[in-house]
Structure formats: structure tokens, C-alpha cells
1. What number of residues within the range 328-337 are assigned to a helix (DSSP H, G or I) and open to solvent by 10 Å² or more (accessible area, probe 1.4 Å)?
2. Just one of Ile369, Ile340 is near the ligand (Cβ under 10 Å from one of its atoms), open to solvent by less than 20 Å² (accessible area, probe 1.4 Å), under 30 Å from Lys236 (Cβ atoms) and of a type in the set (A, V, I, L, M, F, W, C); which is it?
3. Filter the range 510-529 for residues that are part of a helix (DSSP H, G or I), open to solvent by less than 60 Å² (accessible area, probe 1.4 Å) and within 12 Å of Gly471 (Cβ to Cβ) and give the result.
4. Which fully enclosed strands (runs of 3 or more DSSP E) of the range 196-306 have 1 or more residues being within 16 Å of the ligand (Cβ to nearest atom) and either under 30 Å from Ala494 (Cβ atoms) or touching a Gly at 6+ places or on another chain (Cβ under 8 Å) (or both)?
5. Taking the condition buried (at least 19 other Cβ atoms within 10 Å of the Cβ), in a helix (DSSP H, G or I) and acidic (Asp, Glu), does Glu479 pass?
6. With the requirement that a residue be out of contact with any helix residue (DSSP H, G or I) (no Cβ under 8 Å at 6 or more places or on another chain), at pLDDT 95 or above and of a type in the set (Val, Ile, Thr), what does the range 51-83 give you?
7. Kindly list the number of the only condition in (1) open to solvent by 10 Å² or more (accessible area, probe 1.4 Å); (2) touching a helix residue (DSSP H, G or I) at 6+ places or on another chain (Cβ under 7 Å); (3) outside any loop (DSSP other than H, G, I, E, B) that fails for Val605.
8. Exactly one of (1) in contact (Cβ under 8 Å) with a residue 60 or more places away in the chain; (2) among the hydrophobic types (A, V, I, L, M, F, W, C); (3) surrounded by fewer than 21 Cβ atoms within 10 Å (Cβ to Cβ) is unmet by Leu507. Its number?
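The values are calculated or read from the model by the stated rules, or taken from the named source; none is laboratory data. None of these values were measured; they are calculated from a predicted model. Glycine also receives a Cβ, built like all others from the backbone with ideal geometry; neighbour counts cover every protein chain displayed. The area values use the complete protein model at the heavy-atom level, side chains included, leaving out ligands, DNA and RNA. Shrake-Rupley method; radii C 1.70, N 1.55, O 1.52, S 1.80 Å.
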Amino acid sequence: MCGIVGIVDKDHPVSPIIHEALQRLEYRGYDSAGIATIYQNAIFMKKDKGKIKEIHEKLDLDKLPGTTGIGHTRWATHGLPSRINAHPHVDCTNKIAVVHNGIIENFLDLREELGKRHTFVSETDTEIIPHLIEEIITKTKCDLRTATKRALQKIRGNYALVIIYVKEPHKLVVARNGSPLVIGIGEKVDYCASDIPALLPFTRKVVLLNDGEMATIQCDEISIETINGAVAVEPKIFDVPWTPEMAQKGGYPHFMLKEIHEQPHALNGTLMIRPEIIDQIAKVLNDSEKVYITAAGTSNHAGLAGKYMLSKLSALRSQAITSSEFQESTVNLIDDGTTILAISQSGETADTLNAVKFAKSNGARIVSITNVMGSTISRLSDLTLYTQAGPEIGVAATKTFIVQLASLALISLQLADIIGKLNGSEIEQFREELLQTPRIIEKTIKKQESLIRDIAYEHANKQNFLFLGRGISTATAMEGSLKLKEVAYIHSEAYPAGESKHGAIALIEPGFPVVFVTPPDETHEKIIGNIMEMKAREATIMSIADEQDYEIQKLSDKTIGIPQTPTPFSPITYVIPLQLFAYYAATKRGYDPDKPRNLAKSVTVL
Ligand code: G6P
């Protein structure tokens with residue numbers, strides 16, 4: 001989704017730093033980019049469609065003069081990707097420039113009204129903002145802060161905004177309502193950006209704006225207030241624990257590969273989470289009449305696996321519902337006896353936030369699992385468990401998936417302890433086994449990566465794949481299928497293996513690749529039946545199985561062996577070969593797995 005940056009510096013030109021920060025936002029997904037600065041009472045602007053590197057080669061983004069500026073990476077919503085639609089957008093007098101992430105819902109009405117007096121050049125909703133501010137300043141002769149506030153009171157929708165004005169050249173005015181925005185504090189320089197990784201090389205001191213707040217940022221002063229009303233808000237400075245190195249490739253060709261390899265470390269950190277928060281969450285779940293798990297994309301697959309873990313280990317009845325369908329599926333079902341377990345690595349996914357807000361407004365308690373401190377989801381939640389994966393830059397989630405799984409495993413075990421579903425020594429054994437998972441992943445990568453690469457290279461030209469699993473492995477299969485679609489652009493479907501005979505099997509012809517996820521759990525015998533069905537139709541069978549599972553090996557054309565993993569935790573280790581498979585299929589096909597087309601890391605629109 002769109003990325004925004006703003007910098008106000010006492011002494012130095014800002015465009016090279018804005019350029020660098022925009023590159024750090026590339027992972028969010030975008031189709032055009034631009035920068036505007038203020039210099040000698042004028043706006044200087046460079047923007048175009050395409051990748052930042054191409055735009056820079058053409059226009060030299062580092063050569064804009066001025067010590068105050070804004071930048072943007074655009075992910076098209078209103079209007080095609082083009083130079084005209086790229087941000088920043090300016091008013092008729094070319095004195096006010098704006099970058100925006102989000103959607104202005106009433107833009108058509110505002111555009112019609114403003115169109116009588118102003119000239120619009122783009123198709124974007126954003127362009128109404130500079131014109132509206134221009135009109136307010138012209139009429140009332142007020143300053144940028146006041147004009148922005150008045151303009152925002154007329155606007156409905158989601159936004160993170162940064163605005164500059166040539167008559168107040170050492171100032172950024174920013175606002176947030178439903179789209180992420182952080183302010184960074186430096187020495188004689190201040191920043192703002194869509195997310196923390198963009199600012200990591202420059203500062204680790206940040207202030208988080210809440211929805212409905214705006215701020216005026218000058219080099220040595222930040223003032224925050226509410227948009228609707230005159231309430232001043234005390235800025236709270238927060239030290240970010242992430243280092244700049246964590247958001248770099250560290251010698252790997254892609255972030256996705258680096259993040260796959262980082263999983264043992266991410267998992268170790270998460271398994272050491274404060275037991276108090278796990279205990280508090282388990283108690284809330286235990287006290288609830290109804291529990292819904294909700295999430296989107298990869299987090300949704302973690303939620304689905306979580307549902308199985310909670311039922312198997314701690315007999316908790318829960319339902320996992322994808323966030324975009326949450327409200328429709330639970331109309332009339334949410335009340336103050338309900339708890340929502342919301343999972344989101346970014347904590348900013350609009351669908352998930354929407355589900356949470358809906359449930360909260362109906363009296364539900366909100367418990368969340370997220371990887372980003374201070375993210376919106378954490379601020380909407382009664383309790384938040386922070387996973388310890390460090391920043392994840394690859395658009396396709398990998399390490400955050402397994403830390404979400406580990407968190408759900410810890411919660412399930414704690415709940416089993418509270419309700420006495422498992423006895424003390426059983427719990428201890430499960431905990432011990434869970435602590436072994438980082439080592440199992442390490443071994444799997446070491447032993448199997450080259451075999452997985454070879455298999456991926458061999459099958460990278462296939463048009464379709466089927467991923468099958470039973471029980472908790474359905475979630476693993478779904479995640480493997482999603483990874484392949486996302487980064488290698490190969491059509492794939494995931495099914496519960498038992499359900500495949502009710503439809504997907506019609507697709508099978510000789511050589512059709514079917515990936516089975518077959519840990520040695522209680523579904524093992526049945527899935528062998530499903531493998532036989534596919535084999536009988538001459539499918540090519542690839543299996544992820546226990547390294548000692550000779551039966552599966554015999555039935556499969558290719559098998560990736562996984563060291564023994566306790567069965568309720570199998571998704572944590574069995575997903576690793578599937579992530580690597582997707583990665584190598586993507587690179588073999590010549591795609592950049594870090595920036596898959598049309599996708600965004602954090603989807604902040606509904
Ligand atoms: C986008 C990303 C996915 C991610 C999903 C949910 O679609 O491309 O990788 O799984 O959003 O994101 P969240 O931050 O809520 O986990």
C-alpha cells in the first residue's frame with residue numbers, strides 16, 4: 001500500500017534522505033513514486049510511474065533543493081498508475097503539496113464542489129486535499145495547521161497525510177485516521193513515515209499518532225492535537241528495539257530468503273515471551289462464552305492452525321473467520337461474552353481492524369497477536385502479545401507466520417494447564433518439544449534446502465498445483481499454496497485432502513503436481529488413502545513427511561523429510577519446505593519474490 005515520508009531538517013537538503021526512506025518503503029508494494037520539497041518560496045517536485053530506481057535514473061530524485069520535503073510511493077486505488085496520478089499533489093497556486101495513504105470516501109462530492117473554482121489534473125481522491133486547504137487559506141488567511149484541521153473536518157475516509165506549504169517552509173503538518181503514520185525524532189531534524197523500518201537508519205525514537213490526531217512538526221518542536229476539537233495531546237516518545245541491520249538483506253539475495261533463514265532466531269525469541277501475557281490471554285479465553293479467531297492472508301492460516309491447537313490441546317471451542325468476512329458471518333452473534341483473537345503481523349490490515357472494531361462496538365473483548373509495537377491493532381486491544389520476529393520486509397510473510405503459530409501453541413498449552421486438560425508432566429513435555437522447533441527448522445534448512453531448490457527448479461514451469469493436508473495440516477497446505485501463488489505466480493489451490501475427491505480430483509491428469517503435507521499424526525492413515533487416489537490418476541506426488549516415514553517416501557515421487565516434530569506443532573516445521581519451494585520457483589521463473597506484483601505488505605484499504 002502507499003508509503004509516505006516527510007522530513008524537516010534545520011540545515012541539510014532532505015531529498016536524498018526522502019529517496020532512501022522511500023526505498024525502504026518499497027516492500028509495501030507500489031506502482032509510482034514522487035518527492036516534493038520547498039525551496040525559496042516554491043515547490044520543487046519530481047514524480048513518475050514505475051520503480052524508484054527507474055524514476056531516479058530518469059529524474060535524479062536526490063537533486064531537489066530544500067530542507068523540508070515529502071515523498072510517496074503510490075499503490076493505485078483511484079486512477080491508473082501514471083505520472084499525473086502519482087503523488088505529491090499540489091493546489092492551483094503550486095504552493096501546497098500533499099502525500100496521502102488511504103481513501104477519501106466523499107471525494108466525488110468535494111471534487112464537484114471544488115471543481116467550480118479549482119483545476120484538477122489527476123483522477124485521484126487525494127488531489128481534493130491541497131485544493132481544499134488552498135481555498136480555506138485564501139478565504140480566512142489562516143495558517144497551514146488551522147486550514148488542514150478545517151479541511152479534515154470536511155473529509156470522510158481513511159488517511160495518513162503529510163502536507164507542506166511554501167509560506168511556512170520549516171513545517172510538516174501530518175494527520176492520521178485509519179492509515180498508519182509514525183513520527184521520528186532526530187537531532188535538528190524530524191521525520192514522519194508510514195512505518196518504522198523506513199526510519200530505522202535515521203532514528204529509533206518515535207511518536208505514534210492515534211487515529212483522529214494531527215501534528216505540526218518543526219525541527220525542534222512537535223505538537224499533537226485532535227482533529228475534531230482543540231484537545232492538545234502530549235507526545236509520548238517510544239524507543240524502537242529494532243536495529244537498522246534487521247531491515248537489511250545481510251548478504252542474502254532477497255529479504256524472503258533471509259527471513260526464511262531467520263526463522264529459528266525469530267522462534268527462539270518468541271518462545272521466550274513473558275509468561276504473564278500468555279497467562280492473561282489464556283484466562284480471558286477461558287472466561288469467554290464464545291471465541292472467534294480472525295485474520296487475513298498468512299495470519300489467517302495461522303489462525304486456522306490455532307483453532308486446531310486450541311481444540312486439541314485445551315478443548316477450547318473457537319471459530320476461525322477470515323477478517324473480510326467477519327462482520328457478515330457474525331451479525332447478531334457478538335456480545336460481551338465474546339472474545340476476539342485477532343492476528344496481524346503488521347497490526348494495520350484494514351480488514352482485520354474492521355472486524356475488531358465491529359466486534360468491539362458490540363461489546364467483545366479483543367486479544368491480539370502482532371509483530372509491531374504500538375500498531376493500531378494493539379491500541380484497539382485489551383491484551384496484546386507481541387511476537388519477536390523483528391521487522392519483516394518480504395511481502396510474503398514467512399517468519400511472522402511461524403511466530404504466530406508458536407504464540408498460539410503457548411496460549412493453548414497455558415489454557416490446557418489452567419483447565420487441567422493436560423497434567424503437569426504432559427504440559428512440561430509439550431513445552432520442551434516446542435522449544436526444540438527452532439533446532440528442527442535449522443536442521444531442515446541445512447539438510448533439505450538444495451533438494452527443495454532442485455525440485456522447485458524442476459517444476460517451476462508447471463501451470464497448476466494442488467496442496468493437500470488433513471486436520472491441522474490443511475492450514476499448512478493453504479499457506480504453501482498461498483506462498484506459491486504470491487511469489488511465483490503459479491496457480492495453486494489448497495484443499496483439505498479428504499475434500500479433494502469432491503472436486504479437485506477432476507483436474508488430475510498424468511504429471512499434475514500434488515503436494516501432500518503428511519506429518520505422522522492421527523490423520524496419517526487417511527491421507528495415505530488420498531495419496532493413493534491421486535497416484536491412481538498418475539499425479540506427480542510431492543510430500544512433506546517425517547524423515548523416518550518410509551511409507552510416504554515409497555508412495556511419493558519426491559519427499560522432503562522433517563525431523564520428528566510433536567504433532568500439534570507440525571505447521572511450524574512443515575511449512576519451511578513450502579516457503580523455500582515458493583521462493584526458488586519464483587527466482588527460477590525470473591520474479592522478484594520480495595515485491596510480488598499487485599500485492600502489498602500491509603493492506604490498509606478494505
Ligand atoms: C497482505 C500481505 C500478506 C499478509 C496479509 C495480512 O496481503 O501481502 O503477506 O499475510 O496482508 O497481513 P497482516 O499484517 O494482517 O498479518
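1. First, the residues of the range 328-337 that are assigned to a helix (DSSP H, G or I): 328-330.
Filter once more, keeping what is open to solvent by 10 Å² or more (accessible area, probe 1.4 Å): 328-329.
Within the range 328-337, residues that are assigned to a helix (DSSP H, G or I) and open to solvent by 10 Å² or more (accessible area, probe 1.4 Å) number 2.
2. Ile369
3. Going residue by residue through the range 510-529, those that are part of a helix (DSSP H, G or I) are 524-529.
From the residues that got through so far, the ones that are open to solvent by less than 60 Å² (accessible area, probe 1.4 Å) too are 524, 527-529.
Answer for the range 510-529, where residues must be part of a helix (DSSP H, G or I), open to solvent by less than 60 Å² (accessible area, probe 1.4 Å) and within 12 Å of Gly471 (Cβ to Cβ): His524, Ile527.
4. Numbers: elements: 205-208, 213-218, 221-226, 237-239, 290-295.
The qualifying strands (runs of 3 or more DSSP E) are 290-295.
5. Details: buried (at least 19 other Cβ atoms within 10 Å of the Cβ): yes; in a helix (DSSP H, G or I): yes; acidic (Asp, Glu): yes.
It is true that Glu479 is buried (at least 19 other Cβ atoms within 10 Å of the Cβ), in a helix (DSSP H, G or I) and acidic (Asp, Glu).
6. Selection gives Thr67, Thr68.
7. (3)
8. All conditions are met except number (1).
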